[in-house]
Amino acid sequence: MNELLWFGFALLDLSLVLILYRFFGKTGLYGLIVFNLILCNVQVLKTIELFGLTTTLGNILYASVFLSTDMLSEFHGKKEAQKAVYLGFVILLMAVVYMQLALKFVPAPDDFAQPHLEVIFGFLPRIALGSLCAYLVSQLHDVYVFHLLKDKFGERRLWLRNNASTLLSQLLDSSVFCFVALWGVFPFDVWLEILLTTYLFKVIVAVMDTPFLYMARRIHARVYGA
């Protein structure tokens, strides 16, 4: 059941990247990056089993962030992609600060939400710190490698710069995030399995997003006349 749901979720999220770009252009990609980045930092608290392996939820949303930045790099240039990276970083930092302030308010006697918010967002600072470090390092690396390959090959081999930049950056991202956010939270064998499976499932989504990037190129040419 989890496996079918996971693949369906991946296809839905990748499709929505194209839909948002079709109707809102690069602004839609900015919004999606921020939305997915915040939501995946909540979903990552949930561990699931896929194909008998333990991994965290949130990999799909985070992997589609890389598709969005690659689209910005390909169609709108390096500066726009970097702007999106910095925007996501700032908004996630604001979300963490705002939710910590929200938890400081004394709840009313009949309030029921505070304990649930504390469970979810009380752990968020460490998750967010790991995510912020991993996100900024890996996304800037992704943009750098993407344009390095584009400068070398020009408009050819879109599949190569998409996959090479994403797969290398995802490995960097998973390593930094798991070390900062999850080290000591789980036994070492579980922690290592989460690291490996987190990267594995990000790789699967990264490979899945390649045809979506080619479809995005057609949308860009047809809708925006480029």
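The values are calculated or read from the model by the stated rules, or taken from the named source; none is laboratory data. Keep in mind the model is a prediction, meaning the values are calculated, not measured. Here Cβ is always computed from backbone atoms with ideal geometry, including for glycine, and neighbour counts include all displayed protein chains. The protein model used for the area step is the full one, side chains on, heavy atoms only, and it has no ligands, DNA or RNA in it. Shrake-Rupley method; radii C 1.70, N 1.55, O 1.52, S 1.80 Å.
General remarks:
- Note on the stretch 144-163: residues that are touching a residue at least 40 places away in the same chain (Cβ under 8 Å) and either open to solvent by 40 Å² or more (accessible area, probe 1.4 Å) or within 14 Å of the chain's Cα centre (by Cα) (or both) amount to 1.
- Residues (in contact with a helix residue (DSSP H, G or I) (Cβ under 8 Å, 6 or more places away or on another chain) and free of Cβ contacts under 8 Å to residues at least 12 places away in the same chain) located in the stretch 205-226: none
- Residues in the stretch 6-30 that are under 30 Å from Gly52 (Cβ atoms), aromatic (Phe, Trp, Tyr) and touching a residue at least 40 places away in the same chain (Cβ under 8 Å): Trp6, Phe9.
- Checklist (1) among the charged types (D, E, K, R); (2) closer than 25 Å to Ile194 by Cα; (3) open to solvent by 10 Å² or more (accessible area, probe 1.4 Å); (4) in contact (Cβ under 8 Å) with a residue 24 or more places away in the chain applied to Lys78, failing item: (2)
The rows are residues; the columns are (1) in contact with a helix residue (DSSP H, G or I) (Cβ under 9 Å, 6 or more places away or on another chain); (2) among the small types (Gly, Ala, Ser).
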residue	(1), (2)
Asn2	no, no
Phe7	yes, no
Leu11	yes, no
Leu18	yes, no
Gly28	yes, yes
Leu32	yes, no
Leu39	yes, no
Leu45	yes, no
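- Among the residues of the stretch 177-195, those identified as touching a residue at least 60 places away in the same chain (Cβ under 8 Å) and open to solvent by 20 Å² or more (accessible area, probe 1.4 Å) are Val190, Glu193.
- Extreme residue, least open to solvent (accessible area, probe 1.4 Å), among residues of the stretch 106-120 that are closer than 23 Å to Leu39 by Cα and not aliphatic (A, V, I, L, M): Gln114
- Among the residues making up the stretch 196-226, a single one is among the small types (Gly, Ala, Ser), part of a helix (DSSP H, G or I) and surrounded by fewer than 16 Cβ atoms within 10 Å (Cβ to Cβ): Ala221.
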